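What follows is a short report on a single structure.
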Amino acid sequence: PVIMLLSDDDDAEPGKYVEGDTAWSLSMVNDKLSIEAKSYWETVRQWPRVTAKKFDLRAGLLRIIQNVFPGASLHLVGSSQNGFDRVGSDMDACLLLGHHNMTGGDWSKTRSTNKEAVRALMYLRSILCANRWFTNFKLIPAKVPILVFFDRYSNVSVDLNIGNHNGIKNTHYTRVYTEADQRVPILGIIIKQWAKKNKINDASNGTLSSYALVLMVIRYLQACKPPVVPCLHKQCPEAIAKWFGPNSDVNMLSMHDCARDFKFSPSGNKQSL
């Protein structure tokens, strides 16, 4: 069964399948595999209260950071924001420092170098260490440096990077697709878990990143006959340019739900999962 194959939690149990009102969900009634897949998604997807905790944590972190870097912004990225989140997932966040950097230059007009990002994260670590709730700090000097730490109050692990504008755009870009059709997040989470079980979900070890896996799922659903989801670049070029173009302001992505600018017609594909 799908649940037994994918679950790595000893106490995980299948969620209860609730028949939806969409044509594709109605086609699942006699499809055991699809029912198990949807039940698995309902079981492991991130609970709303955990999502709320992450947003509260983001707000608290930003208040601390803005005491040092006025005008800084903090964005949730990855699965915490794009609809492919699951129980126990970390909080990935990207910090934009605006017109402040560690060398006195204009961070918003020059791409941060790896060295500058590491110095900034080291400085932030020294500030956050003063807070009794934050612990288990680890600085990873990767291509995109990351400061990892744990928040004991919300029981959430945080992966914090600096200046990754594309990561913010990619997060909201994939979120638009999860809003287009419920099959997108269901299949995305299942494929991500399958990749994790087979140890092919770590880009640092030469396998696939979570973002790459999600793009593969989206591309597959675009190629179905008829498509489950459209190609946004073809169907909504103006909205793509507005929100994800080279001159778009990533700070606006966190202030507005850009998915509202993408008008989707119901998919002609009524196949079950």
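Descriptive notes on the structure:
- Identity of the residue in segment 124-156, open to solvent by less than 30 Å² (accessible area, probe 1.4 Å) and not β-branched (Val, Ile, Thr), that ends up nearest to ASP56 (Cα to Cα): SER154
- With a requirement of 2 or more residues that are touching a His at 6+ places or on another chain (Cβ under 8 Å), the helices (runs of 4 or more DSSP H) lying completely within segment 200-273 that satisfy it span 237-244, 250-255.
- The one condition from (1) open to solvent by less than 20 Å² (accessible area, probe 1.4 Å); (2) closer than 23 Å to LYS143 by Cα; (3) at pLDDT 95 or above that GLY167 does not meet is (3).
- Scan of segment 177-190 for residues that are open to solvent by 20 Å² or more (accessible area, probe 1.4 Å) and closer than 15 Å to SER89 by Cα, ordered by number: ILE190
- For segment 192-205, the set of residues classified as open to solvent by 40 Å² or more (accessible area, probe 1.4 Å) and more than 15 Å from the chain's Cα centre (by Cα) consists of TRP194, LYS196, LYS197, ASN198, LYS199, ILE200, ASP202, ALA203, SER204, ASN205, listed by residue number.
- If the condition is being crowded, with 17+ Cβ neighbours inside 10 Å, under 30 Å from PRO141 (Cβ atoms) and among the hydrophobic types (A, V, I, L, M, F, W, C), then segment 209-235 contributes LEU213, VAL214, LEU215.
To keep it simple, each residue is scored yes or no on (1) modelled with pLDDT of 90 or more; (2) out of contact with any strand residue (DSSP E or B) (no Cβ under 7 Å at 6 or more places or on another chain).
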| residue | (1), (2) |
| --- | --- |
| LYS53 | yes, no |
| ASP56 | yes, yes |
| ARG63 | yes, yes |
| SER73 | yes, no |
| GLY88 | no, yes |
| MET91 | yes, no |
| LEU96 | yes, no |
| ASN114 | no, yes |
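- For segment 49-75, a residue qualifies if it is in contact with a Cys (Cβ under 8 Å, 6 or more places away or on another chain) and either open to solvent by 10 Å² or more (accessible area, probe 1.4 Å) or in a helix (DSSP H, G or I) (or both), but none of them does.
- The residues of segment 236-273 that are crowded, with 16+ Cβ neighbours inside 10 Å, more than 15 Å from THR174 (Cα to Cα) and over 20 Å from the mean Cα position of the chain (by Cα), listed by number, are SER267, ASN269, GLN271, SER272, LEU273.
The values are calculated or read from the model by the stated rules, or taken from the named source; none is laboratory data. A quick note: this is a predicted structure, and the numbers were derived from the prediction, not measured. All Cβ positions, even for glycine, are placed from backbone atoms using ideal geometry, and neighbour counts span all protein chains on display. Please note that ligands, DNA and RNA were not included when accessible areas were found on the heavy atoms of the full protein model with its side chains. Shrake-Rupley method; radii C 1.70, N 1.55, O 1.52, S 1.80 Å.
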